[in-house]
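Asker: The structure under discussion is supplied below as structure tokens; questions concerning it will follow.
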Amino acid sequence: MVENRPFATFLTHLVLVLGVIAIALPVWITFVAATHDPLRMGQAPLPMWPGDHFLTNMKQTLFGSGLSGTEGAPVWLMLLNSLAMALMISTGKIIISLLSAFAIVYFKFPFRMTFFWMIFITLMLPVEVRILPTFEVVADLGMLNSYWGLSVPLIASATATFMFRQVFLTVPDEMLESARIDGAGPLRFFFDILLPLSRTNIAALFVILFIYGWNQYLWPLLITTDTSMTTIVMSIKQMLEAAEQSPQWNIIMATALLAMIPPVFVVIAMQKLFVQGLTETDK
Amino acid sequence: MSIKSILSASAVVAVAGSTAFAETEIQWWHAMGGTNGERVNKIAEDFNASQDEYKVVPVYKGNYTETMTAAIAAFRAKEHPEIVQVFEVGTATMMAAKGAVYPVEQLMKDAGEPFDGDAFLPAVVSYYETPEGELLSMPFNSSTPVLWYNKDALDAAGADVPTTWEEVRTASQKLVDNGMKCGVSFGYQSWVMIENFSAWHNLPSGTKENGFGGFDTELTFNNDKVAARLDDIADMGKEGLFVYGGRRGDSLPMFTNGDCGMWMNSSAYYGSISEQADFEFGQTMLPLDTKIADAPQNSIIGGATLWVLAGHDEEEYKGTAKFLSYLSSPEVQAWWHQETGYVPITTAAYELSKEQGFYEKNPGTDIAIKQLSLNTPTANSRGIRYGNFVQIRDVINEELEALWGGEKTAKEALDAAVERGNDLLRRFERSAK
Amino acid sequence: MLKRVHFPSSLLPYLLVAPQIIITLVFFLWPASQAMYQSFLIEDAFGLGTEFVWFENFEQLLTDSHYLASFQRTAVFSLLVAALSMGTALILAGFAQRVVRGAMFYRTLLIWPYAVAPVLAGALWVFMFNPTLGIFPYFLEMVGITWNHYLSGNQAMALVIMAAAWKQVAYNFLFYLAAMQSIPNSVIEAAAIDGAGPARRFWTIIFPLISPTTFFLLVINMVYAFFETFGIIHAVTQGGPGTSTTILVYKVFNDGFVGLDLGGSAAQSVVLMVLVIAMTVVQFRFVERKVEY
């Protein structure tokens, strides 16, 4: 630091701690809600401090049927489904985008710009907006109730391609020149030079896409009819709206906690690469 | 492929025992979450255990709209279930889809299942019949709005259980004077305050027998009588006697927490209220607006019915018919009624519950049935059949919220709702030819 | 755009773009063209009765005051979400970069709401602000504020904005912190020697230097608020009360998925698609120029 003033340092930490508390508060309340019995969760004001039903609730959530009435879909299976979906979306999208960005940046070929724009108009438009026509395509292809149907349609987006294109454009041309002098073909150049250079970006994208995939709910709701394909976020949304019943907050919040753990773990575990990959290129 | 096969293998393990060999599978998509979902599963399990030719597979598809949209999307893709639970708001949409639904009465006849239309409670089935009296879908979970009251609070405030709107006002005043945050609130406002309010006072809410007579119906609930009632409620809001607590059942905690002494909403909240209220509560019939009528007509139902979708084979329909017979048997209906608070669909189930002494043990639980069968339904109190009704209810929600928020008068809000609603009806009329 | 030095044309580039092109064609362009076709139809939900009506759905949209109001509302919502989440992130990052040790610690504690599903975030906030049960209405009551987002459109809007901004603070914080940490220490030291206090240094030196980041984040946050807050709205207000929180994306969903008005909803999708393509082109040109110069 430039100078050392105890009061300034105190103020700094105070603001940061307050910030952390404000950010963490919703999750603290989630946790508290998961530690009380259903009766307490119907009384105002809701508690701020944990009760003693955490284990009971967790047991009911994990090993009972929860409360969603979804026959035969225990929470661990939902977690597994979410994991499969998130992994397929993240790896699938990274692979196809790396390849297409490589082709568009490093090759000159007829229809290059056509392909480029075809990919790029898919940027940003969320699946919710075109959900019914997309559903029909997936159904026609017989992909309902499958991991393919859950993940592949969500891979159709240009964000990752856009990002890799930016990364590749910043790679100095000398790299390619010297690689060609060494007699490296396109694929060797791709694997030996481009991939290692994009390491942090791949990591950052993995985090973003994993979270994106994990957090889907409307799409899984529509395309799974087999309860063994239920994903966890979708089940929480369903629990919130049981007809003519009040929501059982203790179980919903216990499930919500479980649903948060994997993506939060991924973000925190890959924090360093994530931050580097995000902030060092694409601005 | 590998991830899929590994995971689906584990999925198979997880639902082990559900693999059927010679049984014909019947898919039943429903919107019953929570404990009611467990009860749905029990009905299916019991049916499956009672015979070995058919296997009903209940699938929870989310809330009512999600279930209906999922089934329609699946129908367009030819992947639809045999049975789908559709809320009463979707009735016109389902009915208009002539090639898509298999009328229940027809199905029963074709499958040779005994079916007696007279066995059903008229107020329950009339909502789902064609003008010729053919039953289109099987009522499953039906309820009607009642007035819930906090007996302890009313007693403490020295107020009586109200039977008219004037008494609702005085009781609310006493409750608030006695320290409560509000006197009265309600949920599902279109259903309770427009559709049922009109039926209860034998007023039409639209032309053509509330839409039963044809798709060229027009909304008419923007009459002075409804407007006067709503204006009075809005005034009660300004005086702190009425507090608006959201759409659907969002305002339930206001009642169970003792904020509001009275709450108008579905009789099916019995389970939730008895779980959460730590006071003595009761239910009574909807209040009467004495400026409009001297005696109430009858209320109309809400909830959902089971529709059978077209395009499956004969064997599956046989099983479907058998299952619907099972479902409407007095024993199953009485059990379902007593467990959930939904009304029974047959007279036999009602009689059986009486015999079993259910209403003596649980006073008030027969209010809904009494209210529904108070009089023979008229053209105004038979039910509602408007197309695009999901959106029309949204419009009504939006306009009433403008009224509660003080942005519009009742007349302005109702006029706007009717105008926007009629546009939606015309669009529906064009699509449903 | 293209590298000056590049590989010659062969079959290889086609193979490389093939997976993405096929997926885009099958799962994006085809459904999008279906949506475009549907926007010219009035159709019943089951697809049994169809009438071709040319631009009637669009005419209806453009004369519908509720639709036009939804544009304005979306803009206000997006701006406020961006302002709130960026403002909070800027303050936190400004303090965090002063911390020599522990900046990473705070970063870890601030980063994770980014991972929480929008619909889940919505559920948490609506739970905390439930007018009867929630903790915040209870505290607000003590200071004389009655919280009822079921009745008050402004409170409902405030609630969805808070929930949406909460999720996005982490992302903005990361970028701001990285940008501030890349400012050379010598610049700040020079200012300190000139006698500028921490607050003045922040406003006169740091803030102008990170303005490109601010601009970039503004775009990102607006896009986020525009398109990705759908789950939050769905869980918190369902667009109400009245239409006070019905933003464009939610309206498309509600008219199509809930209301089953496929033609009207498809027409809105087409309007959104045109909007998105226009935004993409603008953004693309902007980024392109930045890379070249």
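Asker: Applying 1/(1 + (r/R0)^6) with R0 = 51 Å to the Cβ-Cβ distance of residue B:132 and residue C:145, what FRET efficiency is obtained, to the nearest 0.05?
Answerer: With R0 = 51 Å, the Cβ-Cβ based efficiency is 0.35.
Asker: With each label point set 7 Å from Cα along the Cα-Cβ vector, what nm distance links residue C:108 and residue B:38?
Answerer: Roughly 4.0 nm, to one decimal.
Asker: Could you work out how far the C-alpha centroid of the stretch B:296-321 sits from that of the stretch B:416-433, in angstrom?
Answerer: 26 Å
Asker: Something else about it: At a Cα cut-off below 20 Å, give the lysines reachable from residue B:42, other chains included and same-chain residues fewer than 8 away excluded.
Answerer: Answer for residue B:42, where 20 Å is the Cα cut-off: B:55, B:61, B:322, listed by chain and number.
Asker: Take every residue in peptide A:165-173, count the Cβ atoms of other chains within 10 Å of its Cβ, and give the average of those counts.
Answerer: Taking all residues of A:165-173 together, the mean is 2.
Asker: Can you work out ³J(HN,Hα) from phi for every residue in the stretch C:63-71, in order, using Karplus 6.51 cos²θ - 1.76 cosθ + 1.60 and θ = phi - 60°, giving whole Hz and x for Gly and Pro?
Answerer: For the stretch C:63-71, the Karplus curve yields 9, 8, 5, 5, 5, 5, 5, 5, 4 Hz.
Asker: Right, next: Report the relative contact order of the stretch C:26-290, percent, no decimals, based on alpha-carbon pairs under 8 angstrom and at least 6 residues apart.
Answerer: Result for the stretch C:26-290 is 32 percent.
Asker: On to the next question. Within straight cross-link reach of residue C:3, meaning Cα distance under 21 Å, which lysines are found once same-chain residues fewer than 8 apart are removed?
Answerer: Of all the lysines, those that pass the test against residue C:3 - Cα under 21 Å, at least 8 places apart if same chain - are A:108, A:283, C:290.
Asker: Ok, one more. To the nearest Å, what is the center-to-center distance of the stretch A:132-147 and the stretch C:141-192, using C-alpha atoms only?
Answerer: That distance is 40 Å.
Asker: I need B:108, A:88 ordered by Cβ neighbour count within 10 Å, fewest first.
Answerer: Listing B:108, A:88 from fewest to most nearby Cβ atoms yields A:88, B:108.
Asker: Using the Cα gyration tensor of the stretch B:173-249, with a ≥ b ≥ c the square roots of its eigenvalues, what is the shape: rounded (a/c below 1.5), prolate (a/b larger than b/c) or oblate (neither)? Intermediate values should be presented prior to the final figure.
Answerer: Working: a/c = 3.37, a/b = 2.46, b/c = 1.37.
Prolate, because a/c is 1.5 or more and a/b exceeds b/c.
Asker: If you don't mind, there's one more thing I want to ask. Computed FRET efficiency, Cβ-Cβ of residue A:18 and residue B:116, R0 60 Å: what is it to the nearest 0.05?
Answerer: 0.30
Asker: Hey, what's the Cα Rg ratio for the stretch A:75-281 versus the globular rule of thumb, 2.2 N^0.38 Å?
Answerer: 1.19
Asker: Any chance you could check the Cα centroid distance between the stretch C:219-279 and the stretch A:5-27 for me, in angstrom?
Answerer: What the calculation gives is 36 Å, centre to centre.
Asker: On to the next question. Using 32 Å as the Cα-Cα cut-off, could you pick out the over-long pairs in B:174/B:411; A:237/B:408; B:181/C:167; B:151/C:167? Can you show the working numbers first?
Answerer: Values: B:174/B:411 29 Å; A:237/B:408 34 Å; B:181/C:167 34 Å; B:151/C:167 44 Å.
Result: A:237/B:408; B:181/C:167; B:151/C:167 exceed 32 Å.
Asker: Further, regarding this structure: Counting helices only, and only those DSSP H runs with n ≥ 4, report the 222 nm mean residue ellipticity of the protein assembly as shown as the sum of -39,500 (n - 2.57) divided by its residues, in deg cm²/dmol to the nearest 500.
Answerer: Computed ellipticity for the protein assembly as shown at 222 nm equals -17500 deg cm²/dmol.
Asker: With the cut-off at 1.5 for a/c, could you classify chain C from its C-alpha gyration tensor as rounded, prolate or oblate?
Answerer: Details: a/c = 2.39, a/b = 1.23, b/c = 1.94.
Taking the square roots of the gyration eigenvalues as a ≥ b ≥ c, chain C is oblate.
Asker: Can you tell me, using C-alpha contacts under 8 Å and at least 6 residues apart, the relative contact order of chain A as a whole percent?
Answerer: 29 percent
Asker: Can you run phi through the Karplus equation (6.51, -1.76, 1.60; θ = phi - 60°) for the stretch A:210-227 and list ³J(HN,Hα) in whole Hz, with x for Gly and Pro?
Answerer: Here the 3J(HN,Hα) series is 4, 5, 4, x, 4, 8, 5, 9, 6, 4, x, 4, 7, 9, 9, 10, 8, 4 Hz.
Asker: Let me confirm one metric for peptide A:135-148, namely the mean number of other chain beta-carbon atoms within 10 Å of its residues' beta-carbons.
Answerer: Rounded to a whole number, the mean comes out at 4.
Asker: Still on this structure, I have one more. Among C:34, C:20, C:181, whose mean-square fluctuation peaks in a Gaussian network model of chain C (Cα, cutoff 10 Å)?
Answerer: The residue that fluctuates most here is C:20.
Asker: Could you tell me the calculated FRET efficiency between residue A:169 and residue A:5, based on Cβ-Cβ distance and R0 = 56 angstrom, to the nearest 0.05? Show your work: numbers first, answer last.
Answerer: Values: r = 45 Å, r/R0 = 0.80.
Rounded to the nearest 0.05, the efficiency is 0.80.
Readers should treat all values here as calculations from the given coordinates under stated rules, not as data from a laboratory. Here the structure is a predicted model, which means the values were calculated and not measured. When we count neighbours, we look across all protein chains shown, and the Cβ atoms used for this are built from the backbone with ideal geometry, even at glycine.
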